[in-house]
Every structure is written in C-alpha cells, then in structure tokens.
Amino acid sequence: MDVFDRAIRFAAEAHSGMVRRGENAPYILHPMEVASIVGTMTGDREILAAAILHDTIEDTPVTLGQLQELFGPRVAALVASETEDKRPDQPPAETWFERKTETLQVLEYTRDRAVKMIWLGDKLSNMRSFYRMYLWRGDRLWEEFNQKDPSSQHWYYRTIGTLLEDLRDEPAWQEYDRLVKAVFEGGSL
C-alpha cells in the first residue's frame, strides 16, 4: 500500500465519528474533497497524502511526530504548514483573528507550490460548503462559527485568494475566486 492509500485509511480512522461544523456529513468527506481538488493540480502521492491528512494534527489527537514516523518528513511538513495553533486554553472566538493572521503569514512566505495547492484545496472545499450554507441560510450561516462577522471572514478568504494568485491559472483557484465573490461580494456563479 503506498503513502496515499495509507493516508486515506489513517485519516478515516483519525476523523472517525466526527461531523463537519454546519453539516451532518462525516468529517472525512472534507479531507477527501481536499485531496480530490489537489489531485486536479498534481499526481504526487505525497502531496495527495498530506491533503487527506491536512486536519489530523489540528483536529484530532494525532501528533506531528506520528505523521513523520508513519508518512515521512515531507508529508508531515506539508500537514504542519496547514495546521493552525488553536490555543485550546483560550476561547476560540477571542483568538480567531490572531490565529488566522499567523496562518496567513505561513502562506505569505512559502515558496512551496505543494503547500499552496493544499491550502487551495482546503479553502476551496470550505468555500463550497459556505456557498451551500449561504444559499440556505444567508448571512446567518456565520452563527455556526467562532468568527460570526462576515466581513472578517471575507477578509480572511479574500486574502487567501490573493496569496494564492500564482495558482490563478488552475480551475480550482478560479472556482475559489467565484465562490468568494458569490458568498461575500454579491457576485453570482
């Protein structure tokens, strides 16, 4: 079994029983969608493995050391680049801006295209979910999240799009841009 196949099994087990915020679907569908999006940009099995594992450190008891041991240093480093320090000892709503600013700095300073592809896959999956929720609930969708202010969410997701502009020729980036406009800027698909 290669690194990507092992990552699928590992992520499914790590996220077992979890449900994505605002949805009733099993959480594992999000990492699978991220890997699928990244798969439109590369066939590199380590990058795809990191895409499927991208939330394991942030949202499960899995550690960076475990990922290094099981999947190697490249996969672990790619996952770490997408991992936010959630500060579990502090209220998430109070640390939202600080956490997002830190993660944007990682994206701003990376030159690694693989990191950018995984970020794009993750955030495009989020925007797809937001769009579905927006059609159903309008701006009330933000009531589900730690940051309830749509303008702050817009700042974060628009900044990501700007920082990923070197991927603008990718259909995934183009879809992301359309969804940001549709959800936050009154645009249409």
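A few comments on the model shown:
- Set Val34, Val62, Val75: member being modelled with pLDDT of 95 or more, under 23 Å from Gln153 (Cα atoms) and surrounded by 13 or more Cβ atoms within 10 Å (Cβ to Cβ): Val34
- Answer from Leu189, Leu163 - the residue that is of a type outside the set (Ser, Thr, Tyr), at pLDDT 95 or above and more than 20 Å from Pro92 (Cα to Cα): Leu163
- Checklist (1) closer than 26 Å to Gln174 by Cβ; (2) surrounded by 14 or more Cβ atoms within 10 Å (Cβ to Cβ); (3) modelled with pLDDT of 95 or more applied to Glu84, failing item: (3)
- Qualifying residues in the stretch 1-16 (those that are at pLDDT 95 or above and in a loop (DSSP other than H, G, I, E, B)) - the one surrounded by the most Cβ atoms within 10 Å (Cβ to Cβ): His15
- Those residues of the stretch 131-185 which are touching a residue at least 60 places away in the same chain (Cβ under 8 Å) and touching a Phe, Trp or Tyr at 6+ places or on another chain (Cβ under 7 Å), in sequence order: Leu141, Leu167
- Any hit, the stretch 45-54, residues being of a type in the set (Val, Ile, Thr) and in a helix (DSSP H, G or I): yes
- Helices (runs of 4 or more DSSP H) lying entirely in the stretch 82-184 (those with 3 or more residues that are charged (D, E, K, R), under 22 Å from Thr60 (Cα atoms) and out of contact with any helix residue (DSSP H, G or I) (no Cβ under 9 Å at 6 or more places or on another chain)): 92-109
The values are calculated or read from the model by the stated rules, or taken from the named source; none is laboratory data. Bear in mind the structure is a predicted one, so any value in this text is a computation, not a measurement. Don't worry about glycine lacking a Cβ; one is built from the backbone with ideal geometry, like all the others, and counts go over all protein chains shown.
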